[in-house]
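Working notes, structure below.
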Ligand code: MRU
């Protein structure tokens, strides 16, 4: 593979991130040497995608401990400060808070820098396994010979520790020898579909077509589409799902055209402490992301703008949540509660809900 999304450089206690803002034109890396720098890279979207944000934040915490130990400073104060700056980087992806809570439980329990680094590595390793399990469960419910997908944003190896979630399903279906085609929403305004998902699928040799976000209903009406697959940034306890802006529209288009709508959903993205989608904070980003195309301004000076980065798809539009434990079907409130109470480890991750 011609890129590596993230890499921990142990000798320098440095997190090397692929700077996704320059893709697909340039594969350029940034070395982040402090938790403040890691938080900045999450905020400016050098690294993005819910699982990748969580893993990066975990390394940021390990880095804070390593730096404090090297300077002979108390770990507690350094980790408290790192936690605060990382927590404030982006509000919607719950993986960020999940990873910070997991690291926090350790250092508050007296863990040293080496233990925290081991935990960050473990979070990354688990994500790889979780990605593979999600793809395997998805393949079991999709057509076996030929499958046409609709995908939104970027949810692949650029967004996670392993192959990713929804785009990981598309990649694994192709690798399994199925005849795969994917329609990629371009995903305005930051164009993660056109820039990042297409970059990945070119890399894997998966045939695809980029379409404008507004084309989804038309494509589903006129052409074969077997399944819409998307990722998620936070899934509430009732299955309402926050994901990249435009996901809700895609779900509506899928419902109107009888296309199953699946959310690829690591349990680290399920927030059992939030009862429904209304409680999910939606990030609002700079209006220039909409008013400009690259550096070129496309709207009149003085134009008003509103730039929510995510939306919430109501649970009634979702056919299934594909987790690493299997496909969860409606009613999601009942079935998610069952899943979390069945898995002791999951109960701990759910914030005690
Ligand atoms: O703003 P982004 O690019 O971080 O948004 C990414 C998404 O919305 C993804 O669908 C989600 O994080 C899941 S990535 C496996």
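Residues are listed down the side, and each one gets a yes or a no for (1) modelled with pLDDT of 95 or more; (2) farther than 25 Å from residue 21 by Cβ; (3) within 13 Å of the ligand (Cβ to nearest atom); (4) surrounded by fewer than 24 Cβ atoms within 10 Å (Cβ to Cβ):
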{"residue": "45", "(1), (2), (3), (4)": "yes, no, yes, yes"}
{"residue": "50", "(1), (2), (3), (4)": "yes, no, yes, no"}
{"residue": "104", "(1), (2), (3), (4)": "yes, yes, no, yes"}
{"residue": "132", "(1), (2), (3), (4)": "yes, yes, no, yes"}
{"residue": "145", "(1), (2), (3), (4)": "yes, yes, no, yes"}
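Can you tell me how many residues within the stretch 310-340 are in a loop (DSSP other than H, G, I, E, B) and over 13 Å from residue 236 (Cβ atoms)? Working first, answer last.
Within the stretch 310-340, the first condition is being in a loop (DSSP other than H, G, I, E, B), and the residues that meet it are 314, 318-319, 324-325, 329-331.
After this cut, where a residue has to be over 13 Å from residue 236 (Cβ atoms) as well, the list is 319, 324-325, 329-331.
Summing the residues that are in a loop (DSSP other than H, G, I, E, B) and over 13 Å from residue 236 (Cβ atoms) in the stretch 310-340 gives 6.
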Condition check for residue 79: away from the ligand (no atom under 16 Å from the Cβ) and not in a loop (DSSP other than H, G, I, E, B): yes
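Run down 308, 275, 330 and say which single residue is at pLDDT 95 or above and under 23 Å from residue 102 (Cα atoms).
On the way: 308 fails: under 23 Å from residue 102 (Cα atoms); 330 fails: under 23 Å from residue 102 (Cα atoms).
Step by step, each of 308, 275, 330 is checked, and only 275 is at pLDDT 95 or above and under 23 Å from residue 102 (Cα atoms).
Quick check on residue 61: is it under 21 Å from the mean Cα position of the chain (by Cα) and at positive phi? Step through it out loud before you land on a result.
Working: under 21 Å from the mean Cα position of the chain (by Cα): yes; at positive phi: no.
Criteria not met by residue 61.
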Residue tally, condition away from the ligand (no atom under 13 Å from the Cβ), in a strand (DSSP E or B) and closer than 26 Å to residue 283 by Cα, over the stretch 208-229: 2
Top-ranked residue of the stretch 1-21 - restricted to ones that are more than 19 Å from the chain's Cα centre (by Cα) and not in a loop (DSSP other than H, G, I, E, B), ranked as farthest from residue 48 (Cα to Cα): 11
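Confirm whether residue 205 is without any contact (Cβ under 8 Å) to a residue 24 or more places away in the chain and either more than 14 Å from the ligand (Cβ to nearest atom) or not assigned by TED's automatic domain parsing to the domain that holds residue 319 (or both).
In short, no.
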Some residue of the stretch 111-122 being within 24 Å of residue 64 (Cα to Cα), free of Cβ contacts under 8 Å to residues at least 60 places away in the same chain, within 11 Å of the ligand (Cβ to nearest atom) and buried (at least 20 other Cβ atoms within 10 Å of the Cβ): no
Every residue from the stretch 235-250 that is buried (at least 24 other Cβ atoms within 10 Å of the Cβ) and more than 17 Å from residue 335 (Cα to Cα): 242, 243, 244, 247, 250
Residue in the stretch 230-272 that is farthest from residue 136 (Cα to Cα), counting only those that are in a loop (DSSP other than H, G, I, E, B) and out of contact with any strand residue (DSSP E or B) (no Cβ under 9 Å at 6 or more places or on another chain): 257
Within the stretch 84-190, helices (runs of 4 or more DSSP H) holding 1 or more residues that are not assigned by TED's automatic domain parsing to the domain that holds residue 310: 94-108, 113-139
Pair list, Cβ < 6 Å and 6+ apart or interchain, from the stretch 31-54 residues that are in the same structural domain as residue 166 (by TED's automatic domain parsing) to residues that are within 15 Å of the ligand (Cβ to nearest atom) and assigned to a helix (DSSP H, G or I): none
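The values are calculated or read from the model by the stated rules, or taken from the named source; none is laboratory data. Since the structure is predicted, the reported quantities are computational estimates derived from the model, not experimental observations. As a convention, Cβ positions derive from the backbone with ideal geometry for all residues, glycine included, and neighbour counts pool all protein chains shown.
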